[in-house]
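Coordinate-derived values only; no laboratory data. None of these values were measured; they are calculated from a predicted model. Please note: Cβ atoms are built from the backbone with ideal geometry, for glycine as well, and neighbour counts cover all protein chains shown.
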Amino acid sequence: MSLRFTSPTPALLLLALLPLAACKGAQKGGSAPPVPVRLGAVEQRDLPLILQATGTVEPIRMAEIQAQVTGTVLRVGFQEGDLVREGQVLFQLDPRPYAAAVEQRRAVLARDLAQLTNARRERERMEQLAQQNYATTQELDQAKAGESALTATLQADSASLEAAQLDLQYATIRAPFSGRAGAVLVREGNLARASSGQPLVVLNQVTPVSVRFAVPATYLARLRGSRAGGALPVRALPVGDSVAITDGTLAFLDNAVDTLTGTVALKATFPNKDERLWPGGLVRVALELATERGVLVVPRAAVITGQQGASLFVVTAEQRATLRRVRVMRSDDSLAVVQGEVQPGDRVVTDGQLRLTDGAAVTEVKPTGEVP
């Protein structure tokens, strides 16, 4: 049996090629659907230059209250955490040993004062006798020396009495300023020792308070210039709080840049009448330096950061997304100040950039819609 191969007819070839031609036609005439995106605008406006940082709340004044004399604590005049007044009695030490010392010094002073009075009369008598040649020069000199010695003794007695009176005053420990008291570290019945280094309580002034923070040293020139024009406003918000914003003013600019961090330390003062800022707490700080005129501003979400730098997509009148290079001068959570290939009024993509390529067709989704 022999096999024969026959050629297909022209009609069969035509039918086989029709689907291929149809596929090529569809690829040539079709296009990708527009990418749904949300849009924002490039604006030219005056924008405050605000430096943001994290700061630490510090008391304006802090005192470790220590005993200046040794004595048994008889009474604690406050409760832990109380707001105490300047001059309020915090601790009462046993005053009896110091009161006795004061009385002893007074008695010594009175005795020596009587002796000085007698020595002065003796010197005056010797002067009269010497004028009448009834006393020798040596006897007169001895009378004068006795008076001088007792005068010096009386001065020492006065100083000793003053020291004893101070010790008696130190037995009553008072608040040096108004502030918030911490934990009581020495209770009634315990011995408080002078110069032991152990505080009886720590007192913090909380109204007003200061906040210490740091900003990049690149802003130092602007800081100094803006500060010369008057007090700079500072706002503080405790970390974890979204409501309790407190207003204050810049009070301190350090005299040197930290070479390790490249920052300069600052302090701001806040009235803190409501005590929202607590010593040791962390706060978010915003320092307004100046107002920059006519800067270009875009929504922060429009900026794309990559290996080649910052860029964004600008939508043309033909609804095409074109990639533009920009330089971000500064930014916050919502806005970015940029320079580069953008103009006021340009529409920029704020959501949907991940699906875009340069020149891709786009369609705008209204803010209430969702970008797929």
Next on the checklist: For the chain, compute Rg over Rh where Rg is the Cα radius of gyration and Rh is the Kirkwood radius from the inverse mean 1/r over Cα pairs.
Outcome noted: 1.45
Checklist entry - How much length is gained on full extension from residue 194 to residue 158, taking 0.36 nm per residue of separation minus their Cα-Cα distance? => result 10.6 nm
Item to check | Length gained when the stretch residue 134-residue 290 is fully extended (0.36 nm per residue, less Cα-Cα span) | outcome: 46.9 nm
Next on the checklist: For residue 350, what residues show an amide H to amide H distance below 5 Å, using hydrogens built from the backbone and excluding near sequence neighbours?
Outcome noted: 38, 39, 40
Checklist entry - Restricting attention to segment 297-372, which GluC sites (Glu not before Pro) occupy a DSSP loop and are surrounded by at most 16 other Cβ atoms within 10 Å? => result 318, 341, 370
Item to check | Whole-number percent relative contact order across segment 104-204, with pairs defined as alpha carbons under 8 Å at least 6 apart | outcome: 26
Checklist entry - How far apart, in nm, are the 7 Å Cα→Cβ label points at residue 118 and residue 253? => result 7.2
Checklist entry - Which of the GluC sites (Glu not before Pro) found in segment 268-311 are in a DSSP loop and have at most 14 neighbouring Cβ atoms, other than their own, within 10 Å? => result 275
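Take every Cα pair under 8 Å in the chain that's 6+ residues apart, average their separations, divide by the length, and report that relative contact order as a whole percent.
27
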Checklist outcome for this item: Here, residue 218 and residue 108, labelled 7 Å along Cα→Cβ, have an inter-label distance in nm of 7.0
Checklist entry - Between segment 231-303 and segment 317-339, what is the C-alpha centre distance in whole Å? => result 26
Next on the checklist: Quick one: 3J(HN,Hα) in Hz for segment 321-334, Karplus 6.51/-1.76/1.60 with θ = phi - 60°, rounded, Gly and Pro as x.
Outcome noted: 8, 10, 7, 10, 7, 9, 10, 7, 7, 6, 7, 10, 5, 10
Item to check | the chain: DSSP helices with Cα axial extent of at least 20 Å and average Kyte-Doolittle hydropathy no lower than 0.0 | outcome: 10-29
Next on the checklist: Starting from the 7 Å offset along Cα-to-Cβ, what nm value, one decimal, do you get for the label separation of residue 261 and residue 169?
Outcome noted: 4.2
Checklist outcome for this item: Summing -39500 (n - 2.57) over every DSSP H run of at least 4 in the chain, dividing by its residue total and rounding to the nearest 500, the 222 nm mean residue ellipticity is -9500 deg cm²/dmol
